[in-house]
Amino acid sequence: MNGTPGTPATEATGASGTSGTLAFVESPVQLLNVLEWAHAKAAARGTRAYDLTVVVLSPTDPMTRGQLRRMAELARHEGMRVRWEEARGGAGAPFQTIGGLASALRRARRIVIGDPFSRYVQLLLTITRARDLVVVDDGTATMEFVAQLTGGERLERWHRRGGRRGPRDLVFGPVSAAARRRLTPSRTRSVEVFTSMPVAEAPGVTVTANDFGWTRARFGPPRVSRGADLVGTSLVETGVVDPDRYVEAVTALARAHGATRYFAHRRESADKLHRLAVETGLEIVRPDLPLELIARRGPIGRLILSFPSTVVHTLPLALVGTGVRVAVCDVDPLWLRDSASPRAQGFLSGVTTTARDVQRLPTPG
């Protein structure tokens, strides 16, 4: 299916004749991991493709939309149907989106989601009758999702845990609780978690390892340079890390290891990136695809530096056999903002300590 994502005439195909599997994505990484899941399913069945309709619940952020457009084209190239929904395009958009998807949701035999914490996705889960539910990675949040599911806790993002619940949280509480029940395995419903993250065992949940087989088959191997690259994080934007401390840490890390490029996270603000460019001298790169694909496509530095984030788990898998090393620098507790969740330090430390095949770096001081 050709055309520009966001154009209803080209994107609505599949609304009436959807496949038995519907995937809902809101970020480029989620769509990447839907591709990885479908690739693994097809390989297990001995086929070349997996019949799937991807529904993109488009965000408003330009960087995320741009990456999603590129990922949507890759999904089409793999033979998937892609339905682009302007799910946040005005006050009436959510009602139009949900109304337009209700019939397909009720017919679908399997639902694949990338973010069980998303209110949009939770609302959609209350409509579906699907007996098979699959959660693919949306980064390190998968670790928290499985832990909360196992512990019988309400679903809440790690950087918000421990904070005061607002009016919207209270109003949406029943929907979130219903979605959590849908994501709990039962005699009539299976739940699979497809992940590259280390997750705890959850009763009745099938955990399938994501080894980035699709990424390695479609991209690379990359040309590897002698230098070092630094991976950005949105910890400042999510209110976890103090911006001044972050800039100081990036400066120290880049100087210590001779890094020349900074791969920005899609959620990093333009003001912060400008400041980093001025104060560190790093070349700021705003990728048009998830970093796993950018790194695999190359060129990429022989050493990739990162703070605790998803990439310390995913890049070693995507770059296996290339000679590229991934190194992680812990977040010093002194960098945390006063408003950061009490859970933040423990969660970030866990992201680092559970990462495999990475080098641990001392915190710059």
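Just so you know, all these numbers are worked out from the coordinates, no wet-lab data involved. Everything numeric here is computed off the predicted structure, so don't read it as measured data. For neighbour counting, all protein chains shown are included, and Cβ atoms are generated from backbone atoms with ideal geometry for every residue, glycine included.
Ordering Phe307, Phe117, Phe95 from the fewest to the most neighbouring beta carbons within 10 Å gives Phe95, Phe117, Phe307. Considering only beta bridges that DSSP places wholly inside the chain, some 5 percent are antiparallel. By the gyration tensor of its Cα atoms, with a ≥ b ≥ c the square roots of the eigenvalues, what is the shape of region 183-257: rounded for a/c under 1.5, prolate for a/b over b/c, or oblate? It comes out oblate by the Cα gyration axes.
Which ordering of Thr353, Thr322 is given by a fewest-first count of other beta-carbon atoms within 10 Å?
Values: Thr353 12, Thr322 18.
Listed from fewest to most nearby Cβ atoms, that is Thr353, Thr322.
Run through the DSSP bridge list for region 8-210 and note the antiparallel percent, rounded to the nearest 5.
Numbers: 1 of 28 bridges.
If I count the DSSP bridges inside region 8-210, around 5 percent turn out antiparallel.
Going from the residue with the fewest nearby Cβ atoms within 10 Å to the one with the most, Thr310, Thr251 rank Thr251, Thr310.
Summing -39500 (n - 2.57) over the DSSP H runs of n ≥ 4 in the chain and dividing by its residue number, what mean residue ellipticity at 222 nm do you reach, to the nearest 500 deg cm²/dmol?
Working: 13 runs with 144 residues, N = 365.
Calculated at 222 nm, the ellipticity per residue is -12000 deg cm²/dmol.
Annotation: the antiparallel percentage among DSSP beta bridges lying fully within region 216-361 is about 5. In terms of overall dimensions, the chain has a Cα radius of gyration and Dmax of 20.1, 58 angstrom.
Report the semi-axes of the equivalent ellipsoid for region 8-210 in whole Å, largest first, where each axis is √(5λ) for an eigenvalue λ of the Cα gyration tensor. Can you show the working numbers first?
Details: eigenvalues 117, 90, 54 Å².
In descending order, the three semi-axes are 24, 21, 17 Å.
GNM remark for the chain: springs join alpha carbons under 10 Å apart, and the peak mean-square fluctuation among Arg325, Arg48, Arg182 falls on Arg48.
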